[in-house]
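Comments concern the structure below.
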């Protein structure tokens, strides 16, 4: 079994879009944190993060989470286990204002 620690970043847009994944066949990904940072110097922005499983079921992790200007907020309260086919989608109320940093551990057989 191999364990890989890593991170990914994603700039949110006003369209709901794939931000992370899908998890590959036989893999397990444990998302440790998702930090949402508002880079805008003046305006607050809202963010939505949702998990889409391999059967296309949607589970919202946060919906319309307001992040004030020049601040960051967590989008998870604990680890998120992802299996084959799972992916994260994200959306913001303003293009380019919010960046997600995803810290995760990938386990492969």
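Values as computed for the structure displayed
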item	result
Relative packing of 60-73, 77-90, which averages over residues the other C-beta atoms within 10 Å, highest first	77-90, 60-73
Label selected from [x] 25.7, 93; [y] 13.8, 47; [z] 23.2, 78, the criterion being Rg and Dmax of the Cα atoms in Å as computed here	[y]
Residue among 96, 24, 41 with the largest mean-square fluctuation in a Gaussian network model of the chain, springs linking Cα atoms under 10 Å	41
Cβ crowding within 10 Å averaged over residues, with 6-13, 32-39 ranked highest first	32-39, 6-13
Distance in nm between pseudo-label sites at residue 17 and residue 42 (7 Å out along the Cβ direction from Cα)	2.5 nm
Relative contact order computed over the chain (Cα-Cα under 8 Å; 6+ residues apart), in percent	50 percent
In nm, spacing of pseudo-spin labels at residue 66 and residue 2 (7 Å Cα→C-beta vector)	4.6 nm
Pair residue 95, residue 77: separation of 7 Å Cα→Cβ label points (nm)	3.5 nm
FRET efficiency, 1/(1 + (r/R0)^6) with R0 30 Å, evaluated for residue 57 and residue 103 via beta carbons	0.80
Whole-Å distance, taken between Cα centres, linking the range 15-30 and the range 86-104	13 Å
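Coordinate-derived values only; no laboratory data. The structure presented is a predicted model; accordingly, all values stated were derived computationally and were not measured. Please note: Cβ atoms are built from the backbone with ideal geometry, for glycine as well, and neighbour counts cover all protein chains shown.
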